[in-house]
Amino acid sequence: MTTPAEKSTGLAAPFPVSPGPVPPALAQPGAGAPETASLLAADRRAGTTEKTFLGQLKTALAMFGNRKSAAGLIILGVFTLVAILAPWISPYSPTAQNLGATLQPPSFAHLLGTTHIGEDVLSQLIYGTRGVLVVGFLATIMATVVAIVVGVTAGYLRGWKSESLSALSNVFLVIPGLPLMIIIASQFEDPPLVVIAAVLGLTGWAWGARVLRAQTMSLRNRDFIQAARANGEPLHRIILVEMLPNLMAIIASSFVGTMTAAVLGLTTLAFIGVIPVSNLNWGTILFWAQQNSAFPDYWWWYVPAGLCIALLGVALALVNFGIDEYVNPRLRSAGERARALKKRGIDANAAVTVVRTVPSSGTPSGPDPESTSA
C-alpha cells in the first residue's frame, strides 16, 4: 500500500505502516519527543513542586551555609551566650573590690588576675560583653533601617527626590564620625545604652545607603520591576515584595560591616573617656588599664579585652567573607570547585598538582609519586 506522502516524494517508507492501536506509552503527552525535550520536561515538573517552609528557610539562609560564615556565627553565638548568662557564669561581681589582692596575676582564684583595687578582670570582661553586644546590635539595626529607607527610595525614585536623598547621604558620609559622636555623647551626663546606640547609628548609615541606592538603580530597570509597574502595583509593594528580596545579601553584608564599625566606635568612645565608666564594656576596661599605667607590666588587665575586640571583629569579618562568596558568582564557583577538589584529596592551592592514573579496570588508583607536574 502506497501512502500519499510516498506518491508525492517518490520514496518508499522505511518500514510498513500498521493501522493497529497506538501503544499506551506513546499516547501520553510529550511521547515521541526527542530525549533532550523529555529530560527538560522532567526537570520542569521536578522544579514545580510545592515549596515547604524548611525549603524556603534554607534558601533564605543559604548565604550563611559556607564554613567561613558558620565559623563567624559560632563565635558570635558564644559571645551572645556569655552576655545572656553573665550573672550565672561570672565568678564575682564586676565591681566587687578586694584590697588584699590588688594587681594579682592570673591564678585559680582569679583566672585573669585583678585590677588595682582588687576587681576580678574575668568578671568585668563577661559583663562587658553584654554592653558591647547590646549597643552594637541596637546601633546596627537603627543604621540599617535608615540605610534601607533612604538608599532604596533614592534608588527607585527619579528627579529631585532621588538627588535630595543622595545629597543627604553624601553629607553624612563626609561628616567626621568620631568628633560628632564625642560632641553628642558629651551632652549627656550619664547617657543610657539606647542613646549611645542612637549616636552610633546616626553616624553609620550613610555608606550602606549609598551601596543600596546603586544596586536599586540597577534593579529598577529589570523586566520584573517594569512589569510590576505596568500592572499598577503601588510603590510600597514594589519595594517590599519585588526589590528587597533581591537586596537581602547586600543588606546582610552592610549589616555586618555596620556592626563592626559600631563596636569599634563604642570601644573608642569608652577608651577616651567620653562614655561614663558606669557603662561597663571592653573599652572601659582598657580605659582604666591605661589610666593606672597597666601598660606593659600588667598584661592580664588589657590583653584579654583587646583579644575579645579582635575576636569579635574576626567573627564579623568571617560572616562578611561568607556573604561575599555567596553574592559574587566568581567567588562562589571558585569555592565550590576548591571544596570538590578537597573531597577528592587534592589541594587546590598546592604548588604541585597530583595526577591520578586510571587503570584499565576503570577504578582510580591512588596518587602516583612519579606522575606529578609542577
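A compact table of results
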item	result
Sparse-neighbour loop sites [trypsin sites (Lys or Arg not before Pro); the range 120-169; at most 12 other C-beta within 10 Å; DSSP]	Arg158
Per residue solvent-accessible surface (Å²) - the range 160-274, probe of 1.4 Å	52 Å²
Neighbour-limited loop hits for chymotrypsin sites (Phe, Trp or Tyr not before Pro), the range 87-133 (at most 12 other Cβ within 10 Å; DSSP other than H, G, I, E, B)	Phe108
Cα gyration tensor of the range 242-329 - equivalent ellipsoid semi-axes, whole Å, descending	35, 15, 7
Distance between the range 219-270 and the range 118-190 - C-alpha centres, whole angstrom	17 Å
Paired Rg and Dmax values of the range 82-176, which use every Cα atom, in angstrom	22.9, 70
Cα-based Kirkwood hydrodynamic radius, the range 132-280, one decimal, Å	16.3 Å
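The values are calculated or read from the model by the stated rules, or taken from the named source; none is laboratory data. Being a predicted model, the structure only gives us computed values, none of them experimental. Here Cβ is always computed from backbone atoms with ideal geometry, including for glycine, and neighbour counts include all displayed protein chains. The accessibility values were calculated without ligands, DNA or RNA, using every heavy atom of the protein model including side chains. Shrake-Rupley method; radii C 1.70, N 1.55, O 1.52, S 1.80 Å.
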